[in-house]
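All remarks here apply to the structure that follows.
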Amino acid sequence: MASIPSQGKYKHLRACLLCSIVQQPTDFKKNGCPNCEEIMQMKGSTDRISVCTTTYFDGIIAVIDPESSWVARWQRTCEFLVLRKYVRGMYAVRVKGRVPEDVEAELESRGIKYRPRDQTDQD
């Protein structure tokens, strides 16, 4: 489960470009992304963190029960449940940026349609 950072550290938060979970860069480096590390491969790599996460995001929402929450459905977390069960935590409402090409190719090879988290690809 992601923790809520203390007040002064919120400026340094980063959002995963694939699942939009919000964490401190040190958490991404230490543990990777708790939802999509298998594809994003950020654990231990500062370079990978810089291309797979962003500081440009709007809003933060809490997801308590990823499987039944309307917030989780609205965030489309269920689309990536084939990757792994989503964790409880804080998620960005909108994330600016796209995942790297290698990640998009991996998703495509698994039959998963990538949708940017900036809400430009609306159904």
For the range 53-60, take each phi angle, set θ = phi - 60°, evaluate the Karplus expression 6.51 cos²θ - 1.76 cosθ + 1.60, and give the result in whole Hz per residue in order, putting x for glycine and proline. 9, 8, 8, 9, 8, 10, x, 9
Residue-by-residue Karplus 3J(HN,Hα) for the range 22-33, coefficients 6.51, -1.76, 1.60, Hz, glycine and proline x: 10, 8, 7, x, 5, 5, 4, 5, 6, 10, x, 7
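Subtracting the Cα-Cα distance from 0.36 nm times the residue separation, let me have the gained length for Asp65 to Asn31 in nm, one decimal.
10.1 nm
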For Ile60, which sequence-distant residues (separation of 5 or more, or a different chain) have an amide H within less than 5 Å of its own amide H, given hydrogens modelled in the peptide plane? Val93
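Read-outs throughout are calculated quantities, based only on the coordinates presented, and are distinct from any laboratory measurement. This is a predicted model, so every value here is computed, not measured.
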